[in-house]
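First the structure, in the form of structure tokens, and then the observations on it.
The values are calculated or read from the model by the stated rules, or taken from the named source; none is laboratory data. Everything quoted here is computed from the prediction, not taken from an experiment. Methodologically, a virtual Cβ is constructed for each residue, glycine included, from the backbone with ideal geometry; neighbour enumeration extends over all protein chains shown. All accessible areas refer to the heavy atoms of the entire protein, side chains included, with ligands and DNA or RNA removed. Shrake-Rupley method; radii C 1.70, N 1.55, O 1.52, S 1.80 Å.
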Amino acid sequence: MSERAVLWTNANIATCDASMREFTGALLTVGARIVWLGEEAALPARWRECERRDLQGRWITPGLIDCHTHLVFAGTRAAEWNQLLNGATYEQIARAGGGIVSTVNATRRASEAELFDQSAPRLESLLAEGVTTIEIKSGYGLTLADERKMLRVARALGERYPVTVRTTFLAAHAIPPEFAGRAGDYIDEVADRWLPALHAEGLVDAVDVFCERIAFDIAQSERVLAMASKLGLPVRLHAEQLSNIGATQLATRYRALSCDHLEFSTEDDAKAMARAGTVAVLLPTAFLHLNETKVPPLDALRKHGVAIAVASDCNPGSSPSASILLAASLATRLFRLRPTEALAGITRHAAAACGARGSGTLSVGAAADFAIWDVASTDELQYWIGRNGCAGVVRGGVQVRGAAVA
Ligand SMILES: [Zn+2]
């Protein structure tokens, strides 16, 4: 059976490939792939009679990719945020059972169905902004059963909604109360038992560790990365967010897909990322929410040609946001990314960061995933602060959102 061919005409096309070329023309999808794009007059004769959809001069970009999220969790931390605004300290909140422990407790208490129902609206917000691929981390279960539950919910979201989900195992996110003062024992459990078990169940696409003074040190982080490598899984690292303890240097020795946060990274870190082909993932919403002041070293990242991605970091503690457009918009203000850099950061480079090969560009052979925009230029995607111009989404060659393009 031949697959359906559709010519999407009269479009302003932002390719988001290495050239970042933008032009007015048409894009041909056959089944779930892009097979041709260019000026319509140059369309090969054999496609001239195929089904047509007129985009009426709207912009199209690749489907957006949110490459760093903790989207699956139960409860919120709105009450403690309110307490912070009223003068409470993080220590007082932690002593009263707040902080990450409260999210861990709520996530453990939730059934798989409850966790799905609480997480789905956050995913829906991102899908409304043109997201077609998302990375989702575990890390609020912190038992084998609860980490499994989180990853199963992430997979289920990908089955229920028109989105590609890439899962990341992040049990090394915090030390659970049962292992207080025994971080080494916890890492043994995570690396030697949970990771191989969940990998064998097909639940893990990549492995991440919160490598930080207040979380896991270099040796502990390396235990997890080494097991991931042994299992053939790609790694990522929460690196250099609050201090520099050498996380990026460790990650790049394992040819990490990405190092994420990077406020405290150095030019040597940028060099190492460039050599390893590791993407720098910037998370400006967390930077904003935590009132951080030290920005990632953009000049060094640019100078050494490090690919830069931007993500929402959707999570209840440090980035209560389910908006990739807001993250891109904040990246231009807080970190001085140029609009084209921010656009590459939520498309092509985000695909690389979450190992989503074949996504993130409008190019021949790429997935036929694209977002349709009611904007006059792609700069408007970052220019607006909190306005969503997404008019529709096509995934796998099929329109899944917005008024039907006729
Ligand atoms: Zn994170």
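When we screen E49, E39 for residues that are at pLDDT below 95, open to solvent by 30 Å² or more (accessible area, probe 1.4 Å) and out of contact with any Asp or Glu (no Cβ under 7 Å at 6 or more places or on another chain), the only hit is E49.
Among L233, L237, L242, which is surrounded by 20 or more Cβ atoms within 10 Å (Cβ to Cβ) and either in a loop (DSSP other than H, G, I, E, B) or within 13 Å of the ligand (Cβ to nearest atom) (or both)?
It is L237.
Taking the listed residues A274, A256, A251, the one that is more than 25 Å from R333 (Cα to Cα) and part of a helix (DSSP H, G or I) is A251, with no other qualifying.
Among residues of segment 89-118 being open to solvent by 30 Å² or more (accessible area, probe 1.4 Å) and outside any helix (DSSP H, G or I), the one that is nearest to L151 (Cα to Cα) is S111. A single member of A307, A327, A272 is surrounded by fewer than 24 Cβ atoms within 10 Å (Cβ to Cβ) and touching a Ser or Thr at 6+ places or on another chain (Cβ under 7 Å), and it is A272.
Name the residue that is nearest to the ligand (Cβ to nearest atom), counting only residues in segment 285-312 that are under 29 Å from L115 (Cα atoms) and not in a loop (DSSP other than H, G, I, E, B). Within segment 285-312, the match that is nearest to the ligand (Cβ to nearest atom) is A286. Could you go through segment 158-166 and let me know if any residue there is more than 29 Å from T61 (Cα to Cα), modelled with pLDDT of 95 or more and aromatic (F, W, Y). No, there is no match, as no residue in segment 158-166 is more than 29 Å from T61 (Cα to Cα), modelled with pLDDT of 95 or more and aromatic (F, W, Y).
So, of the residues in segment 6-39 that are in contact with a Ser or Thr (Cβ under 6 Å, 6 or more places away or on another chain) and free of Cβ contacts under 8 Å to residues at least 60 places away in the same chain, which turns out to be farthest from V364 (Cα to Cα)? Out of the qualifying residues, it is N12. Selection within segment 1-18: residues that are under 19 Å from E49 (Cβ atoms) and at pLDDT 95 or above. The member of this set that is nearest to the chain's Cα centre (by Cα) is W8.
Inside segment 313-345, residues that are within 16 Å of the ligand (Cβ to nearest atom) and part of a loop (DSSP other than H, G, I, E, B) make up a count of 9.
Kindly indicate the residue of segment 343-373 that is hydroxyl-bearing (S, T, Y) and either crowded, with 24+ Cβ neighbours inside 10 Å or over 18 Å from H68 (Cα atoms) (or both) and also farthest from the chain's Cα centre (by Cα) among those meeting that condition. Within segment 343-373, the match that is farthest from the chain's Cα centre (by Cα) is S363. Name the single residue that is least open to solvent (accessible area, probe 1.4 Å) among those in segment 374-393 being part of a loop (DSSP other than H, G, I, E, B) and among the polar types (S, T, N, Q). This residue is T378. Assess whether A300 counts as being within 18 Å of T332 (Cα to Cα), small (G, A, S) and open to solvent by 10 Å² or more (accessible area, probe 1.4 Å). Judged against the criteria, A300 is a match.
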